[in-house]
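K.L.:
I'd like to ask some things about the structure below.
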Amino acid sequence: MAEKVRVRRTPRPRGSGTGAARRRGREPKLTRTRPRGVVATTTGLLGLSSTRRAAVLALVVCAIALTVVVPLRNYVAQRQELAAVTEQQQTLAADVASLTEQKAKLQDPAEIEAQARSRIGYALPGEVPYVVQFPQAPVAPETAAGSGAPWYRSLWREVTAGSP
């Protein structure tokens, strides 16, 4: 049977010690474990182990990220919406400018008369209007494609018949 080992600590002044224990202002506790003998257990900030500190830090980072993501997403969406509305406003301003120009043209009686002559064929009393009709292109006769046969049958028919 293993004999018990008692470790007696003497209190040290606060400035003594080395490394992390001096920085935190306390010394590590000594505990006994079976396979290794006497081991110093250290606790970190606020009495938490390093894995728990990492978990708390990860939780805090996630909470901060979640509180930042929603306003950031809203900001980006509003910027995109603002860009779309600005573009729409520019196109509407261009339309207003062209319609204003068209309105100014229609204030002239000569322009109104020219529009009436070209659009509805208006002629003044005593004038003889002529309408020129151009001949239309001849329509090609109905081919085999229009007969409802698939294109490959008409192609095969042309290939087998040969060209004269």
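Values quoted throughout were computed directly from the atomic coordinates according to the rules given, and no laboratory measurement underlies them. Small disclaimer: the values here were computed from a predicted structure and weren't measured. Reconstructed Cβ throughout: ideal geometry from the backbone, glycine too, with neighbour counts over all protein chains shown.
K.L.:
For the ranges 118-128, 92-102, what's the packing order if you count other beta-carbon atoms within 10 Å of each residue, average per peptide, and put the highest first?
P.N.:
Per-residue mean Cβ counts within 10 Å order the peptides as 92-102, 118-128.
K.L.:
Past the 16 angstrom mark, what percentage of all C-alpha to C-alpha distances in region 54-164 do you count?
P.N.:
Cα-Cα pairs of region 54-164 separated by over 16 Å account for 83 percent.
K.L.:
A further question on this structure: Quick one: if the Förster radius is 45 Å, what FRET efficiency do residue 110 and residue 133 give, using the C-beta to C-beta distance and rounding to 0.05?
P.N.:
0.95
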